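Participant: One structure, as structure tokens, below. Some questions next.
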Amino acid sequence: MHPTKPSPRVRITASAATAFILMPIVSACSDPIREYATPDALCGVKVSPRALEPLMPPGAEVSSREKEGSGARRCDVMVDGKTVLATAVEWYEGGSSLEYVAARTVGVEPGDKKTTDKRYLFSDTGAIGLVQCADPDKIDRDVDGDLFSSARISGQSATESEFKAFIVNYTEALSDSEACNGDIW
């Protein structure tokens, strides 16, 4: 070997080192980003963008679509035209448990984690909340039931604690809404 020429092994090692240094830079540049602002309301229900943000994926544009039905109102949140979060507000027969509602809701199961006050049931794919209306006297006398909120994600992941934070925020926002008057908009 010539003393002034590096060995081929050194060249390979130097090339490999350069690749390892540049790989995170290239990866960071190619990570998808969120180009839209996190909404502060979902189909008319005020929410904390901070609670909602962990459930929202990268993308260019966010939009929502409302669906109304007998005793329920649904809201699909879409990013770049794909539904990523679905929420619902609906009346169930009075005394319905979280487990009963979970058995009828996509994204949650009756055995998922529950808060100690038994108002929220949540997992890493969805959550349910029991709405406690701020002024129960305003509830329409024709309504004999309990109001529940639900949310589920599709196409991305969240943690149980992120879903718990969101469903608590969303459910609290509903406690002083027209839904408590028996009017699901």
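Every number in this text was worked out from the coordinates using simple rules, so none of it is lab data. Remember, it's a predicted structure, so these values are computed and weren't measured experimentally. Here the Cβ positions follow ideal geometry from the backbone for every residue, glycine too, while neighbour counts run over all protein chains shown.
Participant: What's the magnitude of the charge dipole for segment 72-119 around its Cα centre, counting Lys and Arg as +1 and Asp and Glu as -1 at the beta-carbon? Answer in Debye, nearest 20.
Facilitator: Once rounded to the nearest 20, the dipole reads 80 debye.
Participant: What are the ³J(HN,Hα) values, in whole Hz, obtained from phi via the Karplus relation 6.51 cos²θ - 1.76 cosθ + 1.60 with θ = phi - 60°, for each residue of segment 55-65 in sequence order, with x given for Gly and Pro?
Facilitator: 8, 9, x, x, x, 9, 9, 10, 8, 9, 9
Participant: What does the extension gain come out to for residue 161 and residue 66, with contour length at 0.36 nm per residue minus their alpha carbon separation?
Facilitator: 31.6 nm
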